[in-house]
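Worksheet for the structure shown next.
The values are calculated or read from the model by the stated rules, or taken from the named source; none is laboratory data. On a predicted model such as this, the values are computed, not experimentally measured, just so you know. Here the Cβ positions follow ideal geometry from the backbone for every residue, glycine too, while neighbour counts run over all protein chains shown.
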Amino acid sequence: MSPSLLSCHSLFPLFRLRLPEVSMALPQMLFYLLLTKVVWWELCFLLTLSFLSNIIYHIRIMRRLFFVASILLVWMGGITGCKMAGSANGSDSLAVDSFKYAFADSMLHCNIVADVPQGDDSLAVGVRAYVNAQLDSLSSVHAFDASRSAGYGGDLTDGQALVDFYGKLNVDSMRAMQSPDGGAPEFQCSYDVAIRLAAQNERYVTYGVDQYVYGGGAHGSAVSYCVNILKSSGRVLGATVDAAQLEAIQPLLLHGVTTYINAQGQKVTEDEALKLLFIDKGIIPLPAHAPYLAADGLHFVYQQYEIGPYAMGMVSFTLPYDKVKPYMTAEALQLLETGAADAAK
């Protein structure tokens, strides 16, 4: 055997090919080697994509779970948006029962909690009517037909039936939005509402409303506001700031907005804060929901996008009564004066 043939056998011991055969098979061997390498890299690429998609999916799930946990904490600890305005421990205190509805699956969760009073006095009747009206107006069904009323017509003293009605209504509505053709849900959704008794004193109770809805997209939408309900009549207190005094109260509003922005970590002057707002002619409007009375002053809460970008959040601040009284309505002032007189007795 020639040296060249021996060297060839030593180089290809598995194939035991003679030199002419090697020269013919070499292109095929290189081709298969290259093909194997390409397939290997494609496999690695696909596995990487699968891994990343799973991470993104679980991040989205965790975001939903985080919100569920946070809203449950709100329900257990009380409304965070409404500051305590004193409490009434006497016989005229409003007693409520909390009723909850909860639904959850892999693509949708819905939670409703409402504090509903019993009794047939004007305060209990007025509060129940208010709770029902808020659950109606905040229902997701209005996303499809703004003129439609959810319209619970049952016994308002049956708090469980009340929240069950709106819970099932919103689950059905969100399901229809998830899969308009009746097929599998196309994206995750959530609907959460809490309507809670936040505080009370001898003259009024304070109810807080918090809502969060996610129906796809970059982020969900939130609503948070409080109202005072008069104990003498069960009627919701209307305007607390005289609209005719809007221009005169501007320095206080601007100071409040600036204080809020600075508390978020962005240090700005009042002139700089004004430039950040979405307002006309430099005039800060009153909030869509009337500022509410509390022990430490008049609380202002602006909803998302009401006067600023989404990133600004819900602008909120408190104006002390000694500064804001000149701009308040007669009815709101009368409540404060009555409270001061009662406290002096």
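What do you reckon, is residue 191 surrounded by 21 or more Cβ atoms within 10 Å (Cβ to Cβ), of a type in the set (Phe, Trp, Tyr) and either modelled with pLDDT of 95 or more or not assigned by TED's automatic domain parsing to the domain that holds residue 117 (or both)?
Answer is yes for this residue.
Determine whether residue 226 is touching a Ser or Thr at 6+ places or on another chain (Cβ under 7 Å), in the same structural domain as residue 107 (by TED's automatic domain parsing) and within 30 Å of residue 309 (Cα to Cα).
Here the answer is yes, as residue 226 does meet what is asked.
Could you tell me which numbered condition residue 232 fails, if it satisfies all but one of (1) surrounded by 18 or more Cβ atoms within 10 Å (Cβ to Cβ); (2) under 27 Å from residue 134 (Cβ atoms); (3) polar (S, T, N, Q)?
Just one mismatch for residue 232, condition (1).
Of the conditions (1) over 18 Å from the mean Cα position of the chain (by Cα); (2) of a type in the set (Ser, Thr, Tyr); (3) surrounded by 17 or more Cβ atoms within 10 Å (Cβ to Cβ), residue 225 satisfies every one except a single condition; which number is it?
For residue 225, the failing item is (1).
Collect the residues in segment 184-209 that are touching a Ser or Thr at 6+ places or on another chain (Cβ under 9 Å), farther than 15 Å from residue 293 by Cα and among the aromatic types (Phe, Trp, Tyr), keeping them in residue-number order.
The answer is 191, and nothing else.
Which residue pairs have Cβ atoms closer than 7 Å, lie 6 or more positions apart in sequence or on different chains, and pair a first residue in segment 299-316 that is under 16 Å from residue 263 (Cα atoms) with a second residue that is of a type in the set (A, V, I, L, M, F, W, C) and assigned to a loop (DSSP other than H, G, I, E, B)?
Pairs found: 301/314; 302/314; 302/315; 308/277; 308/278; 308/315; 315/307.
Scan segment 94-117 and give yes if some residue there is in contact with a strand residue (DSSP E or B) (Cβ under 7 Å, 6 or more places away or on another chain), of a type in the set (S, T, N, Q) and at pLDDT below 95, otherwise no.
no
It is to be established whether one or more residues within segment 235-242 are in contact (Cβ under 8 Å) with a residue 12 or more places away in the chain, surrounded by fewer than 12 Cβ atoms within 10 Å (Cβ to Cβ), in contact with a helix residue (DSSP H, G or I) (Cβ under 8 Å, 6 or more places away or on another chain) and in a loop (DSSP other than H, G, I, E, B).
Taking every residue of segment 235-242 in turn, at least one turns out to be in contact (Cβ under 8 Å) with a residue 12 or more places away in the chain, surrounded by fewer than 12 Cβ atoms within 10 Å (Cβ to Cβ), in contact with a helix residue (DSSP H, G or I) (Cβ under 8 Å, 6 or more places away or on another chain) and in a loop (DSSP other than H, G, I, E, B).
Examine segment 104-127 for a residue that is under 22 Å from the mean Cα position of the chain (by Cα), within 20 Å of residue 197 (Cα to Cα) and not hydrophobic (A, V, I, L, M, F, W, C), and state whether such a residue exists.
Yes; the residues of segment 104-127 include at least one that is under 22 Å from the mean Cα position of the chain (by Cα), within 20 Å of residue 197 (Cα to Cα) and not hydrophobic (A, V, I, L, M, F, W, C).
Regarding segment 323-333, can at least one residue be identified that is free of Cβ contacts under 8 Å to residues at least 40 places away in the same chain, closer than 29 Å to residue 230 by Cβ and not in a helix (DSSP H, G or I)?
Within segment 323-333, not a single residue is free of Cβ contacts under 8 Å to residues at least 40 places away in the same chain, closer than 29 Å to residue 230 by Cβ and not in a helix (DSSP H, G or I).
When the residues of segment 169-195 are filtered to those that are touching a residue at least 40 places away in the same chain (Cβ under 8 Å) and assigned to a helix (DSSP H, G or I), which remaining residue is farthest from residue 130 (Cα to Cα)?
178
If you check every pair at least six apart or on different chains, which have Cβ atoms under 9 Å apart with a residue in segment 210-229 that is closer than 22 Å to residue 287 by Cβ first and a residue that is modelled with pLDDT under 95 and charged (D, E, K, R) second?
226/83
Would you say residue 292 is crowded, with 16+ Cβ neighbours inside 10 Å, touching a helix residue (DSSP H, G or I) at 6+ places or on another chain (Cβ under 9 Å), modelled with pLDDT of 95 or more and not acidic (Asp, Glu)?
No: the conditions fail for residue 292.
Do we have residue 158 as under 24 Å from the mean Cα position of the chain (by Cα) and assigned by TED's automatic domain parsing to the domain that holds residue 120 here?
No.
Taking the conditions exactly as written (assigned to a helix (DSSP H, G or I) and acidic (Asp, Glu)), does residue 337 satisfy them or not?
For residue 337, the condition - assigned to a helix (DSSP H, G or I) and acidic (Asp, Glu) - is met.
Of (1) over 19 Å from residue 129 (Cβ atoms); (2) of a type in the set (A, V, I, L, M, F, W, C); (3) touching a helix residue (DSSP H, G or I) at 6+ places or on another chain (Cβ under 6 Å), residue 263 satisfies all except one. Which?
Condition not satisfied by residue 263: (3).
For residue 123, are the conditions met, namely being touching a Pro at 6+ places or on another chain (Cβ under 8 Å) and outside any loop (DSSP other than H, G, I, E, B)?
yes
Taking the criterion of being crowded, with 23+ Cβ neighbours inside 10 Å, among the acidic types (Asp, Glu), in contact with a helix residue (DSSP H, G or I) (Cβ under 9 Å, 6 or more places away or on another chain) and within 21 Å of residue 289 (Cβ to Cβ), would at least one residue in segment 134-151 satisfy it?
There is no residue in segment 134-151 that is crowded, with 23+ Cβ neighbours inside 10 Å, among the acidic types (Asp, Glu), in contact with a helix residue (DSSP H, G or I) (Cβ under 9 Å, 6 or more places away or on another chain) and within 21 Å of residue 289 (Cβ to Cβ).
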